[in-house]
1. Among the residues of the range 4-36, which ones are crowded, with 24+ Cβ neighbours inside 10 Å and in contact with a Gly (Cβ under 7 Å, 6 or more places away or on another chain)?
2. Examine the range 293-303 for a residue that is surrounded by fewer than 21 Cβ atoms within 10 Å (Cβ to Cβ), over 14 Å from the mean Cα position of the chain (by Cα) and not hydroxyl-bearing (Ser, Thr, Tyr), and state whether such a residue exists.
3. Just need a number here: residues in the range 386-416 that are of a type in the set (Asp, Glu) and exposed (fewer than 15 other Cβ atoms within 10 Å of the Cβ).
4. Would you pick out the residues in the range 106-126 that are at pLDDT 95 or above and small (Gly, Ala, Ser)?
5. For the range 52-154, list the strands (runs of 3 or more DSSP E) that sit wholly inside it and hold at least 2 residues that are touching a residue at least 60 places away in the same chain (Cβ under 8 Å); which are they?
6. Test Glu129 against the criterion of being out of contact with any helix residue (DSSP H, G or I) (no Cβ under 8 Å at 6 or more places or on another chain), surrounded by 18 or more Cβ atoms within 10 Å (Cβ to Cβ) and modelled with pLDDT under 95, and give yes or no.
7. Confirm whether His40 is in a helix (DSSP H, G or I), of a type outside the set (A, V, I, L, M, F, W, C) and in contact with a helix residue (DSSP H, G or I) (Cβ under 7 Å, 6 or more places away or on another chain).
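The values are calculated or read from the model by the stated rules, or taken from the named source; none is laboratory data. What you see is a predicted model; the values in this text were computed from it and never measured. Ideal geometry is used to build each Cβ from the backbone, glycine not excepted, and the neighbour counts take in all protein chains shown.
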Amino acid sequence: MHSFHYYEGRLRGEGVDLAELAAVHGTPLYVYSTQTITDHYRRLDAALAGLDHLICYAVKANSNLAVLDLLARERSGFDIVSAGELFRVIHAGGKPECCTFAGVGKTRDEIEYALRQGILSFNVESEAELELINTVAGELNRRAPVALRVNPDVDAGGHKYISTGKSENKFGVGLDRAREVYAAAAKMPHIRLRGVQMHIGSQITEAGPFARAVAKVAPVAAELKRDYGIEFFSVGGGLGIVYQSSLQSGQEAWWRQEPAEAAPSLTVEQYADAIVPALQPLGLRILLEPGRFMVGNAGVLLSTVQYLKTSDHGKRFVIVDAGMNDLIRPALYQGYHEVVPVREPAPDAPRAAADVVGPVCESGDFFAQARELPPLRQGELVALMSAGAYGFTMASNYNSRPLAAEVLVSGSDARVVRERQTLNDLIRGERTARDAEAAV
């Protein structure tokens, strides 16, 4: 479900005309829907009502303070992977005691900061990390709460860059060694064993991989509860979303439909049905760490067509003002995004294949290749759909391009939740060699 639709020939986010937003705030421009974010949280929460559970939103998907604030108001927990993300959560009103700290390379400073803030748990990825956490906690005269991340060796499919649950991935400790590592951790004086965690990947659109992973780890979780009194089992995230329409050519375009009809191939109800039966008997609190599911379809990236170009061989290009520095998913791992005009095309408008590309000086700077598109004009607005996750949060200043602005809509209201960077912002904090020498 999402809240972007055509109304009177113009694309809207909830009740807000996106063309009007672009006229006021310029492009590239990220626009997020409050209704979509809160609806997704509530649907997942309701589907898991039969379990004692805590949803810990994966901050890396979209770390804007306004998004974090929305979820904090819903009483969400948070899954963080850096001290910076924890700082953001706290600043947005989230509770540190509802934060799990993941990631394979936590630094001493990050561990100390998280301990001082009182997080729920570290998701420990290695024995070396466990030893460092014990040392730092000892220096602070504290006991560090930990959950070992176990790797169930389940292939969730999808792109290799977002697979995390196979034995060859860098994440976690092998399931067959979990008991050995827990036994060692139990002897560490400054470690408190709180749970066990797993995460098998991202953008998973079938229930099977989740069910197989839970089935493999649940017996170990039961043993750990019996032997060490652990309190929770975190089943990770990974619930996928729809990026590409399932409608066939000749049918009405998906963006003309009501939002409720854009259903994911794996619903939250199907997801819950696949994992809840194996989790209920454990008597443990169940943690989930969704990111993309919460915000992916809640955002669009607006961009303006700068030029139309046809090569000598007849290849058509639509050159827009957004680039791979604004949305890197297509360049990084061939991520798909629907490209739709903000001005609604006529139902019988002819389609023609074109590449939608950006201004960055890289051949990989594209959003779509050989995509069938309605006629577009220079100066026209297009929306890159499903850009709410891993969009702005992975953006950069490559080619010295200022970061885009972000806007949050709620009903007919629209608020800037991040100002567009200026050229002066690009060099803030930098010095020439001459300036550095003069400052000595």
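1. Within the range 4-36, Phe4, Tyr30, Val31, Tyr32, Ser33 meet the criteria.
2. From the range 293-303, those surrounded by fewer than 21 Cβ atoms within 10 Å (Cβ to Cβ) are none; that's our starting set.
There is no residue in the range 293-303 that is surrounded by fewer than 21 Cβ atoms within 10 Å (Cβ to Cβ), over 14 Å from the mean Cα position of the chain (by Cα) and not hydroxyl-bearing (Ser, Thr, Tyr).
3. So in the range 386-416, the residues of a type in the set (Asp, Glu) come out as 406, 413.
Imposing the further condition that a residue be exposed (fewer than 15 other Cβ atoms within 10 Å of the Cβ) reduces the set to 413.
Residues flagged as of a type in the set (Asp, Glu) and exposed (fewer than 15 other Cβ atoms within 10 Å of the Cβ) within the range 386-416 amount to 1.
4. Residues of the range 106-126 that are at pLDDT 95 or above, as a first pass: 106-124.
Correct list: Ala114, Gly118, Ser121.
5. On the way: elements: 53-58, 77-80, 99-101, 121-124, 144-151.
Passing ranges, in order: 53-58, 77-80, 121-124, 144-151.
6. Values: out of contact with any helix residue (DSSP H, G or I) (no Cβ under 8 Å at 6 or more places or on another chain): yes; surrounded by 18 or more Cβ atoms within 10 Å (Cβ to Cβ): yes; modelled with pLDDT under 95: no.
Criteria not met by Glu129.
7. Judged against the criteria, His40 is a match.
Residues are listed down the side, and each one gets a yes or a no for (1) modelled with pLDDT under 95; (2) under 20 Å from the mean Cα position of the chain (by Cα); (3) part of a strand (DSSP E or B):
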residue: Ser396; (1), (2), (3): no, yes, no
residue: Leu403; (1), (2), (3): no, yes, no
residue: Glu406; (1), (2), (3): no, yes, yes
residue: Val416; (1), (2), (3): no, no, yes
residue: Asp425; (1), (2), (3): no, no, no
residue: Gly429; (1), (2), (3): yes, no, no
residue: Asp435; (1), (2), (3): yes, no, no
